[in-house]
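**Student:** Below is a structure I'd like to ask you about.
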């Protein structure tokens, strides 16, 4: 409690409150625009935080994350086009409200449910993370390698709809992570004599290229139709009757979303659909789902914002991101010279609890802005893409160049943008590349350290119960989808 009070004391400083508020407002704006995902928003604005101190930059990124996940519901309800993948399940019932002229009511339910889910995830983050970090202090090189290997397999398999595609993209990311100087010997690898590659590819240009540029290329090459809001947004505050229907579903879905978010590789979209299905299964009138009912909006919105805190649990305690956005946040901490994991709790406990408090404050701001400022954010949805995309493109260039003041990073960003565009065309996710670039060096370095300690014997990974657990979990993660597909084919 003492650490938590210190954390709130830090966050309640005016500069931090303004940064979180700006982040949430920017996140809602980004999430409200179809095609601009939370991942893209955080990746795009990450360079802005590069010159900030670690606390300021990270709190603003958390605000963007929380705001963007919620903001996706605005377009989902009013336009039947989810602003982010996390809001895809909200379309089913949310847009039915809008068709009846009750779009404001649906947004009010979404806002309140999102805040409930986010606050539940923040509380669990506060009370679960320290114990998990204390357990992780027992990790040595063997355990860290097994953990990184587990993170790679589960993220690769879940981030893509196809197991083969996910693992293939993850392998590409691992190969990219080997470019540069060998971490143990200092020899150059795959640099082809170019001194630009001695440090490998910078993470931020790669992330901006994979997540932001494909949307720009799509708009330029294929065009993009723009929908418009055709109704006034009124009656946003939920009624007592709506609250009575919403609260049990929102609380249950908030816990479910936090749990799913804490599983490395699972994201807000998975949590939203799972919560929607569970709400339908628990309902006394499941046949009404899809016709515009309160629970149909409350369940996915509480769950997807529950993920925002849940995804930070493995990130902060183990150094393994819970989803693609958490992977970018991992990169943000790394760029500030901080290594997420138990050492972060040991050496920077004030920062950790400031982050905990920041997640709670971000969800409070999200609720306030959602209720009071939603009429402003609904106007953002109608900004034509031919105005928006040039601004995004300039931000991509400036953000990539600013990291190392190098035009080479701009070329890297453009190149990975082309890769990301074609990956979208074949239904492949770019997140495994980023996650492999982050976890790959961790896996390689700890693998080689462990083998040095054991004189080259791989038994070191099997004699440790923790290492053996993560290795078995990794194997299970790869094998289970194969078994599941085999069973489904057999049934057919």
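Every number in this text was worked out from the coordinates using simple rules, so none of it is lab data. Since this is a predicted model, take the numbers as computed values, not measurements. Note that each Cβ is placed from the backbone with ideal geometry, even for glycine, and that neighbours are counted across all protein chains shown.
**Student:** Normalised by the residues of the stretch 2-491, what does the relative contact order come to in percent, with Cα pairs under 8 Å and at least six apart? Can you show the working numbers first?
**Tutor:** On the way: 975 pairs, mean separation 139.7, N = 490.
Contact order relative to length: 29 percent.
**Student:** Using a 10 Å cut-off around each Cβ, can you sort 60, 246 from fewest to most neighbouring Cβ atoms? List each step's numbers first, then the result.
**Tutor:** Numbers: 60 29, 246 25.
Ordered by Cβ neighbours within 10 Å, fewest first: 246, 60.
**Student:** Oh, and also: Using Cα atoms only, what is the angle between the long axis of helix 324-335 and the major principal axis of the chain, expressed in degrees (0 to 90) to the nearest 10?
**Tutor:** Approximately 50 degrees, to the nearest 10.
**Student:** Based on other C-beta atoms within 10 Å, arrange 422, 211 from fewest to most.
**Tutor:** Fewest-to-most Cβ neighbours within 10 Å comes out as 422, 211.
**Student:** Compute the acute angle (0 to 90°) between the alpha-carbon long axis of helix 2-11 and the principal axis of greatest extent of the alpha-carbon atoms of the chain; round to the nearest 10°.
**Tutor:** Here the helix axis deviates by roughly 70 degrees.
**Student:** Taking the square root of 5 times each eigenvalue of the Cα gyration tensor, what semi-axes in Å does the equivalent ellipsoid of the stretch 246-319 have, largest first?
**Tutor:** Values: eigenvalues 126, 19, 14 Å².
Computed over the stretch 246-319, the values are 25, 10, 8 Å.
**Student:** Report the normalised scattering of the stretch 6-61 as log10 I(q)/I(0) at q = 0.25 Å⁻¹, calculated by the Debye formula with identical scatterers on the alpha carbons.
**Tutor:** -0.98
**Student:** Arrange the following residues from fewest to most other Cβ atoms within 10 Å of their Cβ: 433, 176. List each step's numbers first, then the result.
**Tutor:** Values: 433 29, 176 19.
Ascending Cβ contact count within 10 Å gives the list 176, 433.
**Student:** Averaging over all projection directions, find the projected area of the Cα convex hull of the stretch 269-400 and quote it in nm² with one decimal place.
**Tutor:** Working: hull surface 45.2 nm².
In nm², the orientation-averaged hull projection of the stretch 269-400 is 11.3.
**Student:** Once you have a ≥ b ≥ c as the square roots of the Cα gyration tensor eigenvalues for the stretch 396-480, tell me rounded if a/c is under 1.5, and otherwise prolate or oblate according to whether a/b is larger than b/c. If you can, show how the numbers build up before the last one.
**Tutor:** Values: a/c = 4.16, a/b = 1.84, b/c = 2.26.
In terms of gyration-tensor shape, oblate.
**Student:** Helix 141-159: angle to the longest alpha-carbon principal axis of the chain, degrees 0 to 90, nearest 10?
**Tutor:** 40 degrees
**Student:** Which value, in Å³ per residue, describes the convex hull spanned by the Cα atoms of the stretch 1-119?
**Tutor:** Numbers: hull volume 11.7 nm³, N = 119.
Per-residue hull volume (Cα only) is 99 Å³.
**Student:** When each pair of different Cα atoms in the chain is counted once in the 1/r mean, what is the Kirkwood radius in angstroms, to one decimal? Don't skip to the answer; put the middle values down first.
**Tutor:** Values: mean 1/r = 0.0439 Å⁻¹.
Radius from the Kirkwood sum: 22.8 Å.
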